[in-house]
Amino acid sequence: MPDSRKEFEYNMYMFLEKLERGQVHISRSNTRTIKGIINARYAPNKRVNLHTIDEMARLMANSIANMMQHKQLKPEDEGEE
């Protein structure tokens, strides 16, 4: 969970960037997440309008950030035997 608005905005931008690059895929059956991303609004200065982010988009952005963090903390020799 992000501790500040700044961290949440970073998570949202990372999530959107991964979507654009094709590193994250959302199933078409998950329409709530897709609608949440489409309905998100940004201010002219690129700040996220938190009132327009629904729970599914928020959950997806924070989950992606959490997975990225775990991937970075994972020891190099894990799984090698």
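The values are calculated or read from the model by the stated rules, or taken from the named source; none is laboratory data. Every value quoted in this text rests on a predicted model; they were computed, and no experiment measured them. Methodologically, a virtual Cβ is constructed for each residue, glycine included, from the backbone with ideal geometry; neighbour enumeration extends over all protein chains shown.
In the stretch 38-58, the residues that are closer than 17 Å to GLU7 by Cβ form Cβ pairs under 6 Å with partners that are of a type in the set (S, T, N, Q) and assigned to a helix (DSSP H, G or I), at six or more places apart or across chains, as follows: ALA40/THR52. Within the stretch 22-35, being within 13 Å of the chain's Cα centre (by Cα) and either of a type in the set (A, V, I, L, M) or assigned to a helix (DSSP H, G or I) (or both) holds for VAL24, ILE26, THR33, ILE34. Any residue in the stretch 46-66 that is outside any helix (DSSP H, G or I) and exposed (fewer than 10 other Cβ atoms within 10 Å of the Cβ)? The answer is yes, given that some residue of the stretch 46-66 is outside any helix (DSSP H, G or I) and exposed (fewer than 10 other Cβ atoms within 10 Å of the Cβ).
Restricting MET12, MET1 to residues that are of a type in the set (A, V, I, L, M) and at pLDDT 85 or above narrows the list to MET12. Against the conditions (1) more than 13 Å from the chain's Cα centre (by Cα); (2) assigned to a helix (DSSP H, G or I); (3) not β-branched (Val, Ile, Thr), PHE8 satisfies every one except (1).
Within the stretch 1-45, take every residue that is among the small types (Gly, Ala, Ser) and loosely packed, with under 13 Cβ neighbours inside 10 Å and give me the one that is nearest to MET60 (Cα to Cα). Only one residue tops the list, namely SER27.
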